[in-house]
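The next block holds one structure in the form of structure tokens; read it before the comments.
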Amino acid sequence: MKRIVILISGRGSNMEAIVNACRAESWPAQVVAVIANTVKAAGLRWAASHGIATEAVEHKAFADREAFDEALAARIDHHGADLVVLAGFMRILGAGFVRRYEGRMMNIHPSLLPAFPGLHTHRRALEAGCKASGATVHFVTADLDHGPIVMQSVVPVRHDDDEVALAARVLATEHRIYPRAVRWFVNDRLRIESRIVHQLDGEPQLLL
């Protein structure tokens, strides 16, 4: 039984999708804790109401990133995490932290990486005149938003889209692919070779 710890900063809708899928599909795994970098994260209340341990490690309480990373890692390790899932976690993690969980920490990004890493992805996609956008689940590396890609999904960019409309469409597809990618991990169905992630059952790693 693999133990999953989810990190959030806000309402945690991807966290909800993963928790619900884990329980509905009877994964050989359990979400054992949800940790936020602020007590104001609304997702903490949802997790607690579903019987999941919750904690807040306030980043503002630490003098620097390294101290915060150490405190956060201590709490993750306390819960015995086999997999760390970033679900709207809005803190950049240091290289040492990332190395500590290399190969067992996932993130989802609201663009078709390597296009538009970082912030304001929907605005940048619209400004570039993209005809498609989407989401990417990837393993986390020290190179921001450039880790090995587990799965991607594609959504159309419509002529009348604004950032809000496009963001909503991308978020809906995030809720479909992130649980699937996590399920593959907990079932040991992923292999990384030369930074390329292979799904061992041949399941599609692209959702159109």
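Read the figures in this text as sums done on the coordinates, not as results from a lab. Small disclaimer: the values here were computed from a predicted structure and weren't measured. Note: ideal-geometry Cβ built from the backbone for every residue, glycine included; neighbour counts use all protein chains shown.
Some observations on this one:
- Derived scalar couplings ³J(HN,Hα) [segment 103-109; Karplus, 6.51 cos²θ - 1.76 cosθ + 1.60; whole Hz; x for Gly, Pro]: x, 9, 9, 10, 9, 10, 10
- Projected label distance in nm at E102 and A56, using a 7 Å step from Cα toward the beta-carbon: 3.4
- When the charge dipole of the chain is built from unit charges on Cβ atoms (+1 for Lys and Arg, -1 for Asp and Glu) and taken about the Cα centre, the candidate among N107, H146, V19 whose Cα reaches farthest toward its positive end is V19.
- Each residue of segment 51-58 was assigned a 3J(HN,Hα) from its phi angle through the Karplus curve 6.51 cos²θ - 1.76 cosθ + 1.60 (θ = phi - 60°); the sequence is x, 9, 4, 10, 8, 10, 10, 5 Hz, with glycine and proline shown as x.
- For V31, the amide hydrogen comes within under 5 Å of the amide hydrogens of I4, counting only partners 5 or more places away or on other chains and with H modelled in the peptide plane.
- Candidates A74, A36, A135, ranked by Gaussian network fluctuation over the chain, Cα under 10 Å, top entry: A74
- Dipole magnitude of segment 67-136 about its Cα centre (Cβ charges: Lys, Arg +1; Asp, Glu -1), debye to nearest 20: 240
- Using C-alpha pairs below 8 Å separated by at least 6 residues, the relative contact order for segment 99-208 is 26 percent.
- Taking 0.36 nm per residue of separation and subtracting the Cα-Cα distance, full extension of the segment from D82 to D160 would add 23.8 nm.
- Along each principal axis, Cα extent of the chain, largest first, Å: 47, 40, 36
- Mean-position separation - Cα centroids, segment 1-68 and segment 100-133, in angstrom: 22
- Annotation: amide H of L7 within the under-5 Å range of I35, V85, L86, A87, sequence separation 5 or more or interchain, hydrogens built in the peptide plane.
- Segment 1-101: relative contact order in percent, alpha carbon pairs under 8 Å with at least 6 residues between: 39
- Using the Cβ-Cβ distance between E193 and R11 with R0 set to 35 Å, the FRET efficiency works out to roughly 0.45.
- Karplus (6.51, -1.76, 1.60) ³J(HN,Hα), θ = phi - 60°, over segment 152-168, in Hz, Gly and Pro reported as x: 9, 9, 10, 10, x, 9, 8, 5, 9, 5, 10, 4, 5, 5, 5, 4, 5
- FRET E, pair A167, R45, Förster distance 25 Å, beta-carbon r, rounded to 0.05: 0.65
- P(r) histogram, all alpha-carbon pairs of segment 1-101 included - 10 Å bins from 0, percent: 16, 52, 28, 4, 0
- If only the Cβ of Lys and Arg carry +1 and only the Cβ of Asp and Glu carry -1, the dipole of segment 1-56 around its Cα centre is close to 60 debye.
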